[in-house]
1. For segment 208-233, name all the residues that are in a loop (DSSP other than H, G, I, E, B) and loosely packed, with under 15 Cβ neighbours inside 10 Å.
2. Looking at segment 186-207 only, could you name the residues that are within 12 Å of the ligand (Cβ to nearest atom) and in a strand (DSSP E or B)?
3. If I filter segment 175-184 down to residues being in contact with a helix residue (DSSP H, G or I) (Cβ under 7 Å, 6 or more places away or on another chain) and at negative phi, which single residue comes out as nearest to the ligand (Cβ to nearest atom)?
4. Out of 351, 283, 347, which single residue is surrounded by fewer than 20 Cβ atoms within 10 Å (Cβ to Cβ), in a loop (DSSP other than H, G, I, E, B) and within 22 Å of the chain's Cα centre (by Cα)?
5. Just to confirm my filter: which helices (runs of 4 or more DSSP H) fall fully inside segment 78-172 and include at least 2 residues that are touching a helix residue (DSSP H, G or I) at 6+ places or on another chain (Cβ under 9 Å) and within 15 Å of the ligand (Cβ to nearest atom)?
6. Report, ordered by the first and then the second residue, all pairs with beta carbons closer than 8 Å, sequence separation of six or more or different chains, a first member in segment 195-217 that is over 19 Å from residue 236 (Cα atoms) and touching a residue at least 12 places away in the same chain (Cβ under 8 Å), and a second member that is assigned to a loop (DSSP other than H, G, I, E, B) and near the ligand (Cβ under 10 Å from one of its atoms).
7. Which residue, of 265, 237, is in the same structural domain as residue 325 (by TED's automatic domain parsing) and under 20 Å from the mean Cα position of the chain (by Cα)?
8. Give me the residue from segment 55-69 that is near the ligand (Cβ under 9 Å from one of its atoms) and buried (at least 24 other Cβ atoms within 10 Å of the Cβ) and, out of that set, farthest from residue 86 (Cα to Cα).
Ligand SMILES: *Cc1c(COP(=O)(O)O)cnc(C)c1O
């Protein structure tokens, strides 16, 4: 019997080698706790890399979004504007707080929040005295959103921005890093992201008091007192010092990982760019994407009837993982009935889009297997 070739993943952890040195240090000094020198070190590295003044290392990106919304005083029945085309973790914390998400369509150049649809949502809400408490744009697959236009609108209406940069560490617009535009930026170090701590995240802000408060809330909101004294509801959201050690090692190879992911994109581009009906997402002028995942759109009208499902199933038959683009939140059963502004850009991206294997650790042999399938389907 022929054995199944080993699985090629969409995006798997890629360690650099120095992670174990930091982790060992945590063991040797018995800093096996939330908080400790690795947490401080990772926060410093993140501040330096992103150019944001302050960072809090947390247990996940989702926790970072939850805390940012709490720090902006989001209350039940408040409105929070959120990009529809994203992973559910962007929107879920809005519901943790009992607030109402208002979903916004994408635009075609970045696949992220459409500034025009954002502005019509704000106008409609403010006309009904439903002033939104926050705007949550996302940098999907590492492509920066139209942050200059989004910040202009946000500032004009006085609404704070929480940038979901979970997939975009290393991406920038004209040298300004994703995560540094809004009042808050959030990062994720989940196992599938461009760098990982196995699980973890961070909250970024130039507002020192806000980050202090985030650290306070993330460690069970203990008031200064010899006994346990609480005047706020707290959370257990801090990153462990052991995992932060992995993060410190990963930060040393982040730029290399960005290079490797971008090389994957170029490789796919060479393979696919001239095929009828297949398109990749170019960077708008001045935009730099970390290319966390390489994604394609498949237009069956131009590809001779081949759809993204044809390609996905052909890859799967060879034990190669690929995945449709995020299903927009306004199409998800759990968010049914919440307001939505825009057209059908996000819907069409979901319908025709596919994420291809994009790990920074893809081997030449794995690439040959992927290329063989793609050529046999669409070549
Ligand atoms: C991964 C991800 C998150 C959540 O991060 P976790 O660390 O997994 O909680 C949020 N938003 C987006 C866009 C993500 O891709």
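1. Of all residues in segment 208-233, those in a loop (DSSP other than H, G, I, E, B) come to 220-233.
Those that are in a loop (DSSP other than H, G, I, E, B) and loosely packed, with under 15 Cβ neighbours inside 10 Å: 222, 223, 224, 225, 226, 227, 228, 229, 230, 231, 232, 233.
2. 186, 187, 188, 201, 202, 203
3. Taking segment 175-184 first, the residues in contact with a helix residue (DSSP H, G or I) (Cβ under 7 Å, 6 or more places away or on another chain) are 177, 179-181, 184.
From what's left, at negative phi: 177, 180-181, 184.
Numbers: 177: 16, 180: 17, 181: 16, 184: 13 Å.
Of everything passing the filter in segment 175-184, 184 is nearest to the ligand (Cβ to nearest atom).
4. Working: 351 fails: in a loop (DSSP other than H, G, I, E, B); 347 fails: in a loop (DSSP other than H, G, I, E, B).
None of the other options fit; the residue is 283.
5. Working: elements: 88-96, 115-127, 147-157.
Output list reads 88-96.
6. 195/189; 196/189; 196/190
7. Working: 237 fails: in the same structural domain as residue 325 (by TED's automatic domain parsing).
Of the residues listed, the single one that is in the same structural domain as residue 325 (by TED's automatic domain parsing) and under 20 Å from the mean Cα position of the chain (by Cα) is 265.
8. Here is the first cut: in segment 55-69, the ones near the ligand (Cβ under 9 Å from one of its atoms) are 58-65.
Now restrict to residues that are buried (at least 24 other Cβ atoms within 10 Å of the Cβ): 58, 61, 63-65.
Details: 58: 21, 61: 13, 63: 16, 64: 16, 65: 14 Å.
So the residue we want is 58.
The values are calculated or read from the model by the stated rules, or taken from the named source; none is laboratory data. Note that the structure is predicted; figures quoted are calculated from it, not measured. We place every Cβ from the backbone using ideal geometry, glycine too, and count neighbours over all the protein chains shown.
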